[in-house]
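Trainee: Could you have a look at this structure, given as C-alpha cells, before my questions?
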Amino acid sequence: MRKRFILSIFAFIILACVNTAISYSVPAGTIRYVKEVASGAGTGLGWGNASADLQAMINASSDGDQVWVAAGTYYPTVMAGDGTGARDKAFVLKKGVEIYGGFLGTESSLSDRDFVANVSKLSGDLDKSGTFNINDSYHVVLSAGDVGSAKLDGFTVTGGNASATTAAMTLNGITFTKYVGGGICIRSSSPALSNLVVVGNRCLNSTSSNGGGVYIYESSSVLTNITISNNSAENSGGGMFLTTNSTAMMNNVIFRSNKSGASAGGLYISSSSPSIINAIFEGNEATSNGGAMFLYGSGTANVSRPVIVNAVFSNNKSLIATTGTASVGGGAIYCSSNVNATLTNTTFFGNTAVLQGGGIVLAYVSSLMKINNSIFYENVSGTDNHDIHVEVATALTLKNSLTQQTGVSGTDGNIVGQNPRFISTDPSNDNFLRLSVAAGAVSPAIDKGSDSFITGITTDLAGNPRKLGTAPVDMGAYENQDPLPTTMPVELISFTVKKQSNSAILAWSTATETNNDRFLLERSGNGKAFTYLSEITAKIADEGIKNYSYIDQSPVNGDNYYRLTQIDKDGTATVKGVEVINFALLLTEITAYPNPTSDKITIALGDSKYNKAVIIDSNGRVLASKIIQHSDIDFNLTTYSNGIYFVELSGPSGRITKKIIRN
C-alpha cells in the first residue's frame, strides 16, 4: 500500500530559502503554459490559453524554450520511446527545453513563482488509486542521451512503480529497464535538476531493482535543492542509485527515510565520482550494508571517488545480522572495494548497525577514505562497538576529527572520546547538532579543524560563513556563529576517562593556567547527583602543557559520570567537563516474565548492559527489534502463533539468548 506522503516542512523551508537565492535569466525562446485544466483555446501560448497536456507542450518546444506549469497534479499521457503499454507512459525531457513548476497561473516572471505554496506534482499513479498496483507508470520522468541544457525545476515527482521483471524499452536509442528508477530515470544524459521533491516511488521484482526514487547512469547532471524521501528499492539505493562513471554534482540535497531491501537505504554510488556539498542523510534504512550510503568501484580502472563536504548523517540504520567473509554493517556508510572517498566537515550522530561500524565500515584494503574536520558521536554497533570499523588500518586517513573510539587523541589534530557538546540532539530542534558555546559546556570541536581542508568552501551546511575571523575552522557540518565565553583562567586541552581492570583512570591536560588553585573531582551514577571524590592541587603556574591524573579504584556497577571542576584562588568554580564510562562489575540474572505468556513479555536486565534486543523464531528469522534505553524492555507477542521463540540481547555485556514460550 502506498500512502500519500505529507512532505517535510523542513524540506520545504530549505527549498523556499534557496528559491529566493537563485536568479533566472529572461528566456530568449518561447514560453508555453500548462494548467491542470486547460483554459481558453488550450494552445499553451499564455496563461489564458494554457494547455492541459504537459508532454505536448514539451514536444512542441525547441532548444531554448521554456514550459511553465501551474500548481496541480499531472499524469503522463504518452508512451515513451518504443513502449507498448500504458505503464510505459512517462514525462520525457527534450534537448534544451527548460520545464518549471510552482506557478499560481498568473505570473509574468519566473522569479515570481512559489513552488512551495504552489505544488506542481508529476505522478505515475495513472489510475489515481493512491496505491501501488499494476496500472502505475514504470517511470515518472525519463531523460535519454544528449539533452543539452534541459532542466526540470520546481516539481514533486511521485508514484513511479518500476516493477517489471525483465521488460525493457528503448528511448532515443538507449535501453531502459523497467525495474529501476521509479521516480526519475536518467541514462547517458545530463539534465539539470533543481528544486525537486522525489517522494513515494519504488522499484522491485528484480535482483537489479536499484534506485527507487532516482536512477542515474553515466551522467554529469547538476542536482540543486533536492529532497529524496520515502522511496524504496527491493535491491539497493532506496533513494538513489548512481552508477557507471557518473560525475554528478549535488548541492543542498536531503535523503530522508528511504529504504532498501539490500544495501544503501539512501544513496548507492557505483564506479562514480560525485561531488556532494551540503547534504543531510537522515533516517534511511538498509536491510544489508550501509544504512545511508554504499560505495563501490567495479575495478582499479573504475574507482569511485566521491567528495562529501558539509554533511550530516543521523539516525540511519544497517540491519544486517549475518556475518560474512568481509566486514558487515555501516550504520551510515559502507565502503566496499575500489573506493577513494573524501569526507570533510561531516557530522555522524545516532547511526546504528546491528553488527559492525555504527558510523562507517571500511571493508577492504582498497576501501580508502580520508576523513577531515569531522565529528562522530553516539553511533552504535552491536558487535564491535566502533564508530568507524576499519578492516585494514592503512585504508583510513583521519585528521582534525572528534571520534568516539577511532584514532589517537592528540595525533593529527584528532580528539578521541570527548563529548562534542551539541546544543541539541533532537532532530526537530533548530539547533540540532550545532556546537555549544555555553559557559562550562563549550564544544571541544570549535576552532579545532584545519583550514587546509576547506579550500573553496565558504559556507557551512546552514549557509553561514564556514570560517569566522582568524581562528581555525570548526569540526563538523555546522560552524559556530556565536562568540566564545570570556577567556577562562584555565584552558583545558582534554579530559578523558578509561578503564583499567576494575578501576577508572581519569586524565586531563591544560594548555595554560592563571590563578588556578585546584581541581575538584566528583562522581555520579546518573549524571545528575554528584558526590565528592578528590581534589587535586594545581601545578606551578609556568609555561607549557600540564598533565593530571587520578585513579578511581571503586567505580560503581553501570554508568559512572565523572565531573571535573576547576577552582580559582578566589574560590570561583568552573565545570570543565563531564565524562561517562560503564562498568559491568556484577551482572545480575536476566529474567523474562511472564514466561510462558499469551501476550506481552518483559525482559528485566538488572545491572547488565545491552543496547539491542531482537525476537527470533525457531527458524532463525528476526521478527522484531528494539533499541534498549531502559533497564526493562517489553515485546507484544499477541500476533505471534503459539510456540517457542528466542530473545537475543547484545551490547557491552556481550550477547545472550533467552527462550520464551507463547501459549
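The values are calculated or read from the model by the stated rules, or taken from the named source; none is laboratory data. Given the structure is predicted, the values throughout are model-derived calculations rather than measurements. For neighbour counting, all protein chains shown are included, and Cβ atoms are generated from backbone atoms with ideal geometry for every residue, glycine included. In case anyone asks, the SASA skips ligands and DNA or RNA and just uses the protein heavy atoms, side chains included. Shrake-Rupley method; radii C 1.70, N 1.55, O 1.52, S 1.80 Å.
Trainee: For the chain, with the dipole built from +1 on Lys and Arg beta-carbon atoms and -1 on Asp and Glu ones, taken about the Cα centre, which of GLY606, ASN340, PHE281 lies farthest toward the positive end?
Mentor: Value: GLY606.
Trainee: Across the range 175-185, in residue order, what do the Karplus-derived ³J(HN,Hα) couplings come to in whole Hz, using 6.51 cos²θ - 1.76 cosθ + 1.60 with θ = phi - 60° and x for Gly and Pro?
Mentor: 7, 10, 7, 9, 10, 10, x, x, x, 10, 10
Trainee: Roughly how many Å² of ASP65 are accessible to a 1.4 Å probe, to the nearest 10?
Mentor: So the heavy atoms of ASP65 present about 10 Å² to solvent.
Trainee: Place a +1 charge on the Cβ of each Lys and Arg in the chain and a -1 charge on the Cβ of each Asp and Glu, then give the dipole magnitude about the Cα centre in debye, rounded to the nearest 20.
Mentor: Details: 46 positive and 51 negative charges, 250 e Å.
It comes to approximately 1200 debye.
Trainee: Right, next: Too long at a 24 Å Cα-Cα cut-off: which of LYS370/LYS612; LYS95/LYS128; LYS448/LYS546; LYS89/LYS317; LYS151/LYS370; LYS448/LYS569?
Mentor: Long pairs (Cα-Cα over 24 Å): LYS370/LYS612; LYS95/LYS128; LYS89/LYS317; LYS151/LYS370; LYS448/LYS569.
Trainee: By its C-alpha gyration tensor, with a ≥ b ≥ c as the square roots of the eigenvalues, how is the range 83-216 shaped: rounded for a/c under 1.5, else prolate for a/b larger than b/c, else oblate?
Mentor: Taking the square roots of the gyration eigenvalues as a ≥ b ≥ c, the range 83-216 is oblate.
Trainee: Along the charge dipole of the range 341-487, which of ASN379, GLY449, GLY476 sits closest to the positive end, that is, farthest toward it, with unit charges on the beta carbon of Lys, Arg, Asp and Glu (+1, +1, -1, -1)?
Mentor: GLY449
Trainee: How many angstrom separate the Cα center of the range 484-520 from the Cα center of the range 189-230?
Mentor: Cα centroid of the range 484-520 versus Cα centroid of the range 189-230: 49 Å apart.
Trainee: If you restrict to DSSP beta bridges whose two residues both lie in the chain, what percentage is antiparallel, to the nearest 5?
Mentor: In the chain, approximately 40 percent of DSSP beta bridges are antiparallel ones.
Trainee: Okay, next question. Mind running the shape call on the range 401-463? Use the C-alpha gyration tensor, a ≥ b ≥ c as the square roots of the eigenvalues: rounded below 1.5 for a/c, prolate if a/b tops b/c, oblate otherwise.
Mentor: oblate
Trainee: If you average the C-alpha positions of the range 267-321 and of the range 539-581 separately, how far apart do those two centres end up, in angstrom?
Mentor: 40
Trainee: Name the residue from SER123, PHE103, GLY81 whose Cα lies farthest towards the positive end of the charge dipole of the range 78-127, charges +1 on Cβ of Lys and Arg and -1 on Cβ of Asp and Glu.
Mentor: GLY81
Trainee: A follow-up question, please. Working out 0.36 nm times the residue gap between ILE493 and ALA38, then minus their Cα-Cα distance, what length gain in nm do you get to one decimal?
Mentor: Fully extending the segment from ILE493 to ALA38 adds 157.0 nm.
Trainee: Okay, moving on. To the nearest 500 deg cm²/dmol, what mean residue ellipticity at 222 nm is calculated for the chain from DSSP H runs of n ≥ 4 alone, each contributing -39,500 (n - 2.57), summed and divided by the residues?
Mentor: Roughly -1000 deg cm²/dmol at 222 nm, from the helical runs in the chain.
Trainee: Taking only Cα atoms, what is the 0 to 90° angle, nearest 10, from helix 9-19's long axis to the longest principal axis of the chain?
Mentor: 60
Trainee: Determine the distance separating the Cα centre of the range 105-149 from the Cα centre of the range 156-170; give it in Å without decimals.
Mentor: Cα centres, the range 105-149 to the range 156-170: 15 Å.
Trainee: Given +1 on the Cβ of Lys and Arg, -1 on the Cβ of Asp and Glu, and no further charges, what dipole in debye does the range 456-606 carry about its Cα centre, rounded to the nearest 20?
Mentor: 280
Trainee: May I pose another question? Determine the gain in length on full extension of the stretch THR537-ASP53; use 0.36 nm per residue of separation and subtract their C-alpha separation, reporting nm with one decimal. Write out the running numbers ahead of the final one.
Mentor: Numbers: separation 484, 0.36 × 484 = 174.24 nm, distance 8.09 nm.
Using 0.36 nm per residue and subtracting the Cα-Cα distance, I get 166.2 nm.
Trainee: Let me ask you something else. Order these peptides, 321-331, 264-274, 297-307, 212-222, by their mean beta-carbon neighbour count within 10 angstrom, highest first.
Mentor: 264-274, 212-222, 321-331, 297-307
Trainee: Assign one of three labels to the range 315-457, namely rounded, prolate or oblate, based on the Cα gyration tensor with a ≥ b ≥ c the square roots of its eigenvalues; rounded applies when a/c is under 1.5, prolate when it is not and a/b is larger than b/c, and oblate otherwise. If you can, show how the numbers build up before the last one.
Mentor: Working: a/c = 2.00, a/b = 1.37, b/c = 1.47.
Oblate shape, in that a/c is at least 1.5 and b/c is the bigger or equal ratio.
Trainee: Given [x] 1.06; [y] 0.94; [z] 1.01 as candidate values of Cα Rg over 2.2 N^0.38 Å, which corresponds to the one derived from the coordinates?
Mentor: [x]
Trainee: Ignoring ligands, DNA and RNA, what accessible area per residue does the chain give at 1.4 Å, in Å²? Please report the intermediate quantities before stating the final value.
Mentor: Working: 26690 Å² over 663 residues.
Accessible area per residue: 40 Å².
Trainee: Placing +1 at every Lys and Arg Cβ and -1 at every Asp and Glu Cβ, with all other atoms neutral, what dipole size does the range 455-500 have around its Cα centre, in debye to the nearest 20?
Mentor: Numbers: 4 positive and 5 negative charges, 53 e Å.
For the range 455-500, the charge dipole is close to 260 debye.
Trainee: Please sort 387-398, 230-241 by packing, taking for each peptide the average over its residues of neighbouring beta carbons within 10 angstrom, highest first. Don't skip to the end; give the middle numbers.
Mentor: Numbers: 387-398: 18.4, 230-241: 31.0.
Put in order of decreasing packing, that is 230-241, 387-398.
Trainee: What spacing in nm lies between the two simple spin-label points modelled at THR411 and VAL365, each 7 Å away from Cα in the Cβ direction?
Mentor: Once both label points are built, they end up 2.1 nm from each other.
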